[in-house]
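For reference, the structure is listed below as structure tokens.
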Amino acid sequence: DLQSRGLGRELTLGFLDLAAVNQYLQLEFPGHHFPATFATLIHQRTEGSPLFMTDLLHYLRTRGVIANGSDGWTLAQSVPVIEHELPESTRSMIQRKIEQLDDADRRLLSAASVQGYEFDSVLIAGLMTMDPADVEERLERLEHVHGLVRRAREHGLPDGALNVRYRFVHVLYQNALYAALTPTRRVSLSARAAQLLLEHHGGRSAEIATELAALFEAARDPRQAVEHLTIAAHNSARLFANQEAIALVRRALLLLADLPDSTERAELELQLQSIYANALGAIHGLASADVRVAAERAFTLWNELGARPERFPMRAGMWTYYIVAGKLDVALSIGEEMLQMATETGERFMLVAAHNSLALTLHHLGDHPAALVHFERGLESYSVDLSPYFFSVLIEPGVSLMSESARVMWVLGYPDRSRQRVTQALALAQEVPHPEARGFARLFGGFVHQFLGDVDATLRYSETVLELARERDIATTLAWGMVLHGWAVAMQGRVDEGVAEINASLAGQLAAGSLVARPQFLALLADVYSRAGRYDDVLMAVSEGLTCSASTADHYWDSELERFRGEAMFHLGGDDAGIAACFERAMLDARSRSAKSLELRAATSAARFHQARGNPALARETLSGVYGWFTEGFDTTDLLAARTLLESLG
């Protein structure tokens, strides 16, 4: 739990070298007169294991081999004599200690080793058909006399049984006892242990799914092992412990190969591939090669099994891959199917997710009015109490609807409403119990303030986005945040630094298979190049952006790309007809999509061009109608620039 929230990490303790063993001897036996070969012997025989080094020294001290006399700490025997009596290695030392046990204690600890490094007294009692109190008494003796186990905690099991949890003092003891079991005995004990745990935990068995999966795997029951690995992977994904989820899914998929083809097997694989795609996407990018393989396999299984409401979350996960990969035709088809399923069931959480999927897809396709309709309908169905349904998705749909609709409102020509929506998204992100919400809301806060030309605010938002994305290891959010941060840095005068950051992000996104919003990001790069007077680079960025939108149908930023091409051609001394055609295409594209803010930018650029060519009347005619449409946002950079230009035109 601590690791999943970024509050802790496991430290692997390395073995000690000879110098460390020498240092320990000086600290434990200050002023000793041991020969130099003694430290070497201890290091060799314990292989540098801190646990076994201290155990071995305790053993020698108890035997009187190490003694504290009037001259200080000395050895009562020579090193060769001591060497003859010592076990050959750590492994043999473990074996010697286990051999000191009587048969009853050895059988008890062997049964405990089946459950793992930690084990339950009640479970061992069931495996050994003993009274739980007798088991606890034996374990107490094994702790205090032999030092092989330690009492961890006392707690009740879900069925009310009183239980004491113990752990082996070192996992090597558990490994040695487990390895000594015959294969048949190991299988039978594992199967019985799994059954006992299921009985004790009842309806709460999902809490110990990983443990159950390991037992069923050892019991040679791949079907039950896969079922519980799937549950465990889902639990990890809900906590955003993505590395753990990936490891669990991979184990399950290997075991799945041993099951015969059946509908049940396909159902399990569909769940696993969906979890796998989401977890991989969070770490490597939502459209990376591994995610593509998992998502396409899930898509195939979905089509084979048929649409059912209980599979809805998996369909939503598939949509995420296809939208980020820029496969908007497939994403649109999935979104429409999701909305149909949601409408038939009437489930609010399904309606929220379906409208969010369709809204984003339509927005990137450039149908902004239709997108806004779905944004609003999704928000009508949404409330914070639905958040538990969305723990397993990377982006909380309510925050997504609020954040992404802010961009659409700006595009449609409502800057003030866009800013208000950003404020609402930030407030909602603080309210929902979803770890990625704050970063996503701030990402779109950065986008909106970039549209508004507020460099300082864009920089502040993007810095927070980068911090949160790195903290949570979210590759896609990090890449998008880098584009915004690079733009803001460049606008502050550090052009080369900003360009390098944007290009690094674009290269990373391409390597991860992410094409969504690439035309917009290339337009930001063109903006930076334009401000720096690097107009040949502007044309290269524009060309790549338009090629990308043509291949993906991600047309929502075509107007800006055409505008930047016209601006670059103007500064490079291109022919007037070609320049005018660029601005005309930019205005027509924006107008066809009701993208008033983008149309205003294109008209302003066109008006400046006509003014420069000595045609103020055409300049005024080009700009006045678009400017006159606006009813808000008159303090924003674009509207102020348009008004200033109109005033200069009379």
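Computed 3J(HN,Hα) for region 471-485, one whole-Hz value per residue from the Karplus formula 6.51 cos²θ - 1.76 cosθ + 1.60 where θ = phi - 60°, is 4, 9, 6, 9, 5, 5, 4, 4, 5, 5, x, 5, 4, 4, 5, glycine and proline marked x.
Around the Cα centre of region 499-578, unit charges on the Cβ atoms of Lys, Arg, Asp and Glu (plus for the first two, minus for the last two) sum to a dipole of about 200 debye. With contacts taken as Cα pairs under 8 Å at a separation of at least 6 residues, the chain carries a relative contact order of 7 percent.
Here r is the Cβ-Cβ distance between residue 591 and residue 383 and R0 is 41 Å; the resulting FRET efficiency, rounded to 0.05, is 0.65. Charge tally around residue 162: other residues with Cβ under 10 Å, Lys/Arg +1 each, Asp/Glu -1 each, net -2.
Compared with the dominant principal axis of the Cα atoms in the chain, helix 328-345 is inclined by about 70°.
Give the peptides 72-84, 414-426, 441-453 in descending order of average Cβ contacts within 10 Å, highest first.
The peptides rank, most packed first, as 441-453, 414-426, 72-84.
Across region 512-522, coupling constants 3J(HN,Hα) worked out from phi with the 6.51/-1.76/1.60 Karplus curve, θ = phi - 60°, read 8, x, 8, 10, 4, 6, 4, x, 5, 5, 5 Hz, and Gly and Pro carry x. Estimated purely from DSSP H runs of n ≥ 4, each contributing -39500 (n - 2.57), the mean residue ellipticity at 222 nm for the chain is -23000 deg cm²/dmol once divided by its residues. Per residue, the accessible area of region 32-171 comes to 48 Å², computed with a 1.4 Å probe over protein heavy atoms only.
The calculated FRET efficiency for residue 643 paired with residue 376, based on their beta-carbon distance and R0 = 35 Å, is about 0.70.
Hand me the trypsin sites (Lys or Arg not before Pro) from region 140-245 located in a DSSP loop with no more than 15 other Cβ atoms within 10 Å, in residue order please. Within region 140-245, the qualifying trypsin sites (Lys or Arg not before Pro) (loop, at most 15 other Cβ atoms within 10 Å) are 220.
Taking a sphere under 13 Å around the Cβ of residue 419 and counting the other residues whose Cβ falls inside, with K and R at +1 and D and E at -1, yields a net charge of -1.
With the highest mean first, a sort of the peptides 503-511, 59-67 on other beta-carbon atoms found within 10 angstrom per residue produces 503-511, 59-67. Rolling a 1.4 Å probe over the protein heavy atoms gives region 558-650 an accessible area of 43 Å² per residue. As a rough guide to protection, the peptides 591-602, 38-49, 245-256 ranked by mean Cβ packing within 10 Å, highest first, stand as 591-602, 245-256, 38-49.
At a Förster radius of 25 Å, what calculated FRET efficiency corresponds to the Cβ-Cβ distance of residue 250 and residue 9, to the nearest 0.05?
It comes out at approximately 0.70.
Just the protein heavy atoms count here, and of the accessible area of region 493-634 at 1.4 Å, carbon and sulfur take up 54 percent. Placing unit charges on each Cβ (+1 for Lys and Arg, -1 for Asp and Glu) gives the chain a dipole about its Cα centre, and among 535, 142, 193 the Cα reaching farthest toward its positive end belongs to 535. Applying the Karplus relation 6.51 cos²θ - 1.76 cosθ + 1.60 with θ = phi - 60° to region 605-615 yields 3J(HN,Hα) values of 5, 5, 5, 4, 5, 5, 4, 5, 8, x, 10 Hz, where x marks Gly and Pro. Under 5 Å between amide hydrogens, built in the peptide plane, is the criterion, and for residue 152 it picks out 165, 166, 167 among residues at least 5 positions away or on other chains.
Computed from point charges on the beta carbon alone (+1 for Lys and Arg, -1 for Asp and Glu), the dipole magnitude for the chain about its Cα centre is near 260 Debye. Overall, region 391-502 carries a charge dipole of about 300 debye about its Cα centre when +1 sits on the Cβ of Lys and Arg and -1 on the Cβ of Asp and Glu, all other atoms neutral. A full extension of the chain between residue 207 and residue 28 corresponds to an added length of 60.1 nm, given 0.36 nm per residue minus the alpha carbon distance.
Accessible surface ranking for 71, 454, 1.4 angstrom probe, highest first: 71, 454.
The values are calculated or read from the model by the stated rules, or taken from the named source; none is laboratory data. Just so we're clear, the structure is a prediction, and the values are computed from it rather than from any experiment. A quick note on method: Cβ atoms are made from the backbone with ideal geometry, for glycine too, and the neighbour counts reach across all protein chains shown. Side chains are part of the model used for accessible areas, which takes the heavy atoms of the whole protein and leaves out ligands, DNA and RNA. Shrake-Rupley method; radii C 1.70, N 1.55, O 1.52, S 1.80 Å.
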